[in-house]
1. Would you mind working out the accessible area per residue for segment 61-148, using a 1.4 Å probe, and quoting it in Å²?
2. On a 0 to 90 degree scale, rounded to 10, what angle separates helix 15-32 from the longest Cα axis of the chain?
3. Can you bin every Cα-Cα distance in the chain into 10 Å intervals starting at zero and give me the percent of pairs per bin, rounded to whole numbers?
4. Roll a 1.4 Å probe over the protein heavy atoms and report the accessible area of VAL20 in Å², nearest 10.
5. For the chain, which whole-number percentage of the solvent-accessible area (1.4 Å probe, protein heavy atoms only) is attributable to carbon and sulfur atoms?
6. Just the accessible area for SER45, please: 1.4 Å probe, Å², rounded to the nearest 10?
7. Normalised by the residues of segment 56-141, what does the relative contact order come to in percent, with Cα pairs under 8 Å and at least six apart?
8. For the chain, which cysteines have no second Cys with its Cβ under 4.7 Å from theirs?
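The values are calculated or read from the model by the stated rules, or taken from the named source; none is laboratory data. The structure displayed is predicted, hence computed values, not measured ones. For neighbour counting, all protein chains shown are included, and Cβ atoms are generated from backbone atoms with ideal geometry for every residue, glycine included. The area values use the complete protein model at the heavy-atom level, side chains included, leaving out ligands, DNA and RNA. Shrake-Rupley method; radii C 1.70, N 1.55, O 1.52, S 1.80 Å.
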Amino acid sequence: MNRARLVRENKPFAVWDLLVYAVIAALLVVLFLVFVVFDVFGTDSARGIRVQVNDEIVYTYVFGDGGTVAQGWEDRVEERTDGSLLLVRITTDDGWNEIAVDEEGQTAVMRDADCSLRKDCTAMRAIGDGGSVITCIPHGLKVLPLAGEDISAPSVG
């Protein structure tokens, strides 16, 4: 009975409780501003794209310079234009994917594929528009952004 009387006489929150809640709320607001509003750690705009099939680079496109097909993939990578878009169709052993490159907007998106009914890779965010990678798991295909890389010299490793 004595404990119930003490609870009824006290306020629901002590001053220190309110101070802790205020600090936590302020921290959440600061984190929201840093990561969402100001995009401090956001992705840099892409300089182009690199397409890999099973970790082998098959196609590279640099905005402003055009595309390069890897040796041995000339008959499986096809470039064609559709209005202002460059369409790159890559045929793998398991099927095909079509990437739409917008030179003016400096973006690349998976436009079409024959991997499944849902075509999950076509729903991924465009590279150069905040997207970081486009993956088509059934075909083993990845589209990665070129961001600050020097592709003029071969890499070792």
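1. 54 Å²
2. 10 degrees
3. All Cα pairs, binned at 10 Å, distribute as 9, 30, 23, 11, 8, 7, 7, 4, 1 percent.
4. Accessible area of VAL20: about 80 Å².
5. 56 percent
6. 80 Å²
7. Relative contact order, segment 56-141: 17 percent.
8. Cys with no partner Cβ under 4.7 Å: CYS115.
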